[in-house]
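The values are calculated or read from the model by the stated rules, or taken from the named source; none is laboratory data. Nothing here was measured: the structure is a model prediction, and the numbers come from that model. Glycine gets a Cβ as well: all are built from the backbone with ideal geometry, and neighbour counts include every protein chain shown.
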RNA sequence: CAAGUGGAACAAAUGAUCGCGGCUGCACAGACGAAAGGGUGCAGACGAGGAAAGUCCGGGCUCCAUAGGGCAGGAUGCCGGAUAACGUCCGGUGGAGGCGACUCCAAGGCCAGUGCAACAGAAAUAAUACCGCCCGGCGUUUUGCGAAGCAGCGUGCGAAGCAAUACGCCGGGUGAGGGUGGAAUGGCAGUGUAAGAGACUACCGCCGCCGCGGUAACGCGGCGGGCUGUGUAAACCCCAUCCGGAGCAAGACCAAAUAGAGAGCGACAGACCGGCCCGGUCUGCUUUCAGGUAGGUCGCUGGAGGGCUUCGGCGACGAAGCUCCUAGAUAGAUGAUCAUUCGAGACAUAACCCGGCUUAUCGUUCCGCUUGUUUU
RNA sequence: GUGGGUAUGGCGCAGUCGGCUAGCGCGCCAGAUUGUGGCUCUGGAGGCCGAGGGUUCGAGUCCCUCUAUCCACC
């Protein structure tokens, strides 16, 4: 990913949870906070309640792939945390991708020309 | 062909594009960082499992502790072997199930001791009390006989007595009959007896001794004892064997920071001692050392490793030769899209490494064996 | 990675050394009381003790495997 890196520290996650804004739908919860840098940082979280290791890893890959393929239309300078809900355990790529883009629109973090389509 | 049984292997496949991880090679910049270290691009081959899971056992490895021995605690538990080790595996013994192939068994010791055995039952381990059965004595009831006697005259009544019967009491014999229980003094049949009893006898069981076979567990045979309560040790316990503790966030190295120690500097600044200078102390500056946080590196994958052949062994396994090398992340790499095929793809993601066990699981293929049916 | 706890009526908890039909409080239902409701009194229903095996004559209790959940330490 060219413009982004991943969110690593527990303190970073904590900061986004406490100070960021959140929207949610059936599959995902998305927290967003401006980080005053010129890159985005993406954090993915899935608790043990969602499923076993295979399910959680697959969720993380689907989110990462969805973000990677649409990276160029995101605004920069954001910390984004995506949390899995329980129904995400059975979701495929198409559902996760549409959910991610839908929540991004609600956050107004996509570049302007995307909305003209 | 059907049903079954034991074992082994595989775990959707192929192609294209984009993307991820470390490795190798080449190129670029020598930017980032105090240092340790590292960056970017291109190419190449490689990149999770049979259980990677649960963390139930065992070992390697690392650090700590440790003269030697014992106690406590824990684990294991038929015998022999395999192994680095095991609670695993192999072979055998005994028992249970199945027509069979075959499967299953925490399978040492309740004649070392202690504890427990509700309810039911006469009684739950202490001995025989209770009931029963048998014998004898006494008393009473009923029936029969009935000398004397009475009525009376081919008979009837009938005290004592005798016999039988039933009940009660006393004394003795007997030993499992009491049907309740998971378990009742070995079982069953007969002899025997007043009634009975291993009291005696045959068979089976049990215990002891001897012989033979086997490394052993144990098996087979013979002789003897008439014979001792049962269950529970996944109750305490006894016996035998084994076990030091912690865990890769182990541990080692580099090392900003921040405590600390030493040396140097009076060139500079401040404070204190002092009337002032010199001098001294503290802060300071430079430097060395110790220390180890953030961060980084190693540990980190070539190993009790896999495959094939030969040899030894019933086998687990061992030996020799040839050959192969196939993840190593550190917030944690396998995904997305398209196309084709089939039966429409289960369970489930390495985290120091191995050997097992247990549990989950869509299916596919192969081999051995058993039983039944049909055909020849 | 290591170690430990809990699971019992709808809820919160007892259940001893294995032994009779598993108890307690709150709640629920019915009745009594009251003009009505509450309080009170009386009676009642509701459990296969997380799941599956095993040991035992007998298991909520003992042993094994599994499931869920909670906690502690590095």
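Residue-level check: of (1) within 16 Å of residue A:27 (Cα to Cα); (2) within 9 Å of RNA strand B (Cβ to nearest atom); (3) in contact (Cβ under 8 Å) with a residue 60 or more places away in the chain, residue A:68 misses just (1). In contact with a strand residue (DSSP E or B) (Cβ under 8 Å, 6 or more places away or on another chain), at pLDDT 85 or above and near RNA strand B (Cβ under 10 Å from one of its atoms): is that true of residue A:29 in this structure? The answer is no for residue A:29.
Just wondering, is there one or more residues in segment A:97-116 that are within 13 Å of RNA strand B (Cβ to nearest atom), within 15 Å of residue A:7 (Cβ to Cβ) and in contact with a strand residue (DSSP E or B) (Cβ under 7 Å, 6 or more places away or on another chain)? No, because not a single residue in segment A:97-116 is within 13 Å of RNA strand B (Cβ to nearest atom), within 15 Å of residue A:7 (Cβ to Cβ) and in contact with a strand residue (DSSP E or B) (Cβ under 7 Å, 6 or more places away or on another chain).
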